[in-house]
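See structure below.
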Amino acid sequence: MSNVLLVHAKGGPPLGYVLSRAASKARVHLLALSALPPAVADYAETLCASVVTPSDAERSDLVSLIVARARTTRADAVLTFSEYAVVAVAEACEELGLPGAGSASELARDKRLMRRTWQEHGLPQPEFRPVATEEDLREATGTLPFPLLLKAAWSAGSTAHQIIRTPQEASAAWRRSREVMAESAQLGYSELHVAEADADFVVEQIVTGTASDWFEDPGWGDYVSVEGVVADGVFHPVCLSGRMPTVEPFTERAGITPALLPKDAQDRVVALAREAVDALGLKNCGTHTEIKLGSGGRMWLIETAARFGGAMTVPQIEEVFRLDLVGMLVDHLLGRPVDWPAQARTPEQACGAAGSLVVLAVDGRGGAWPERRVWDFPVVSADVPLSPGSSLSVVAESSLADGSVIPVYDPAAGANTMAALCLLAAADPRTVLRDFETLVDVLPQVLPAATSEEASV
């Protein structure tokens, strides 16, 4: 049986899901760069041929660590589903002579290099400037059109995003973004391989999206993601995922598969995603490309990742299109034939719809809940009215334990202040969207109120 080394870190699809699909294809050896979620720790020990958690000293040269572990386990393939380990794994695969994302993986991690590459290829994107110091940011505010968005170049999950509406807001935005990156690193949400990556930023124009020009129904967000894979340098689009509107500044609240776009609109979106991925020169990896949708058919590239979409994107695709992307990628990396989709799957080809909702302490308009609440999924399951046939579950490894006080939403911290991740299966995308709107509206009413002692902790 073939051996696969899976490098685990924060982010990506739930570890339990990934392990079950990978283990059906090969003997899995797990290299845990982040602590295993308690909900799957015992499961991982049972399912994996080995589980190794390296010391801090061993992590000092991450590529060498991965290479050594791959050789020890006689790995036939090495992969990761974490944004923070993509570059290290790609470099290790290059050294081992195994298929991977390739030397261009850094272009799909560093937002400065990504935007510069797309600029060289003439692809549509917001105006931008790389930023390394507060003075760089001040200079950029004098040349770019307001409003602006300050991003950490190596972040994920909308972490450290700051909207800048006037030049006077630049200094405070710079300080807060750097603070959040430091806090995120303490939580394990930071680049694992590139030294001092938390000091790199990019500032860009905030372009205006117009969801109503693309979707027939109200309630959709103004951007979509194209899920796909690159196999031997060839991009294969799989499907599109839609969104609810983000929470300020740009924190994702929910992803829905499939996105309910007309066929001609989907084709245009996929064509742009193909150009974006091709420009980066990736070799063998999942891809997740986000595209902003504007008026009159205009589009702008937001970003591309050299890995599959995080949260429940991959399980949603399996639920809706019966495609096990994890297993398919493992097969491909092991040299087995894989029947990748010739074209992106459409809503008409879907078996129902699925979506994942990030529980944040904000209402449907983005306003903070008036009082602190306690997370309690059994209460949610029993008391939130969903559409007939809809099924709601909680992703335990990505959620607080029942009885935990829900954090106050911090716009700068983004998804770091989430309370839970819920998965919903329904008859069609419209139903998922409406049920999520109901959840967002009802949660602060049905969840138990925190006591004053609990809220003060």
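Coordinate-derived values only; no laboratory data. Worth saying up front: this structure is predicted, and the values here are computed from it rather than measured. All Cβ positions, glycine included, derive from the backbone under ideal geometry; neighbour counts span all protein chains shown.
Over segment 170-323, one equal point on each Cα, no solvent: what is log10 I(q)/I(0) by the Debye formula at q = 0.17, 0.20 Å⁻¹? Log10 I(q)/I(0), no solvent term: -1.12, -1.36. The coefficient of translational diffusion for segment 3-98, derived via Stokes-Einstein from the alpha carbon Kirkwood radius under 10 °C and 1.306 mPa s, stands at 121 µm²/s.
Under the 0.36 nm per residue contour assumption, what length would be gained going from the current alpha-carbon distance of THR166 and VAL446 to full extension?
Details: separation 280, 0.36 × 280 = 100.80 nm, distance 3.96 nm.
Using 0.36 nm per residue and subtracting the Cα-Cα distance, I get 96.8 nm.
Shown here: segment 127-205, whose C-alpha atoms stretch 34, 20, 18 Å along the first, second and third principal axes, sorted largest to smallest. Once the Cβ-Cβ distance of ALA39 and THR438 is raised to the sixth power relative to R0 = 30 Å, the FRET efficiency obtained is 0.70. Binning the alpha carbon pair distances of segment 244-378 at 10 angstrom intervals from zero yields the distribution 9, 33, 36, 16, 5, 0, expressed in whole percent. Compared with the alpha-carbon gap, the fully stretched path from GLU216 to ALA368 is longer by 51.8 nm at 0.36 nm per residue.
The largest-to-smallest principal axis extents of the Cα set in segment 352-457 are 43, 28, 25 Å.
Kirkwood hydrodynamic radius computed over the chain comes to 22.4 Å, based on all pairs of distinct alpha carbons. Other residues within the sphere of radius under 12 Å centred on the Cβ of VAL408, judged by their own Cβ, net out at 0 (K and R +1, D and E -1). Shown is the FRET efficiency for ARG138 and ALA199, computed with R0 = 22 Å from the Cβ-Cβ distance and rounded to the nearest 0.05: 0.85. The distance separating the Cα centre of segment 172-217 from that of segment 1-39 comes to 27 Å. Which pairs break 26 Å Cα to Cα here: LYS111/LYS263; LYS263/LYS292; LYS111/LYS292; LYS151/LYS263? LYS111/LYS263; LYS151/LYS263, as the Cα separations exceed 26 Å there. For LYS10, a cut-off of 15 angstrom between C-alpha atoms picks up these aspartates and glutamates, skipping any fewer than 8 places away in its own chain: GLU83, GLU183, GLU191, GLU397. As a size descriptor, the averaged projected area of the C-alpha convex hull of segment 57-136 was calculated at 7.5 nm². By the count of other C-beta atoms within 10 Å, a proxy for reagent exposure, LEU98, LEU150 are ordered fewest to most as LEU98, LEU150.
Where does the longest stretch of the chain lie that holds no trypsin sites (Lys or Arg not before Pro) found in a DSSP loop with 14 or fewer other Cβ atoms within 10 Å? Answer - 166-297. Here the 3J(HN,Hα) profile of segment 394-405, calculated from phi with Karplus coefficients 6.51, -1.76 and 1.60 at θ = phi - 60°, is 10, 8, 4, 6, 10, 10, 5, 5, 4, x, 7, 6 Hz, Gly and Pro shown as x.
Taken one residue at a time, the phi angles of segment 238-245 give Karplus couplings (6.51, -1.76, 1.60, θ = phi - 60°) of 9, 5, 10, 10, x, 9, 7, x Hz. Gly and Pro are set to x. Qualifying GluC sites (Glu not before Pro) in segment 208-275, where qualification requires a DSSP coil assignment and no more than 13 other C-beta atoms within 10 Å, comprise GLU216. Each Lys and Arg Cβ is given +1 and each Asp and Glu Cβ -1; about its Cα centre, segment 202-335 then shows a dipole of about 120 debye. Sequence-distant contacts, meaning Cα pairs under 8 Å at least 6 residues apart, place the relative contact order of segment 127-205 at 45 percent. Across segment 89-96, rounded Karplus estimates of 3J(HN,Hα) from the backbone phi angles (6.51 cos²θ - 1.76 cosθ + 1.60, θ = phi - 60°) give 5, 4, 5, 5, 4, 4, 5, 7 Hz, Gly and Pro being marked x.
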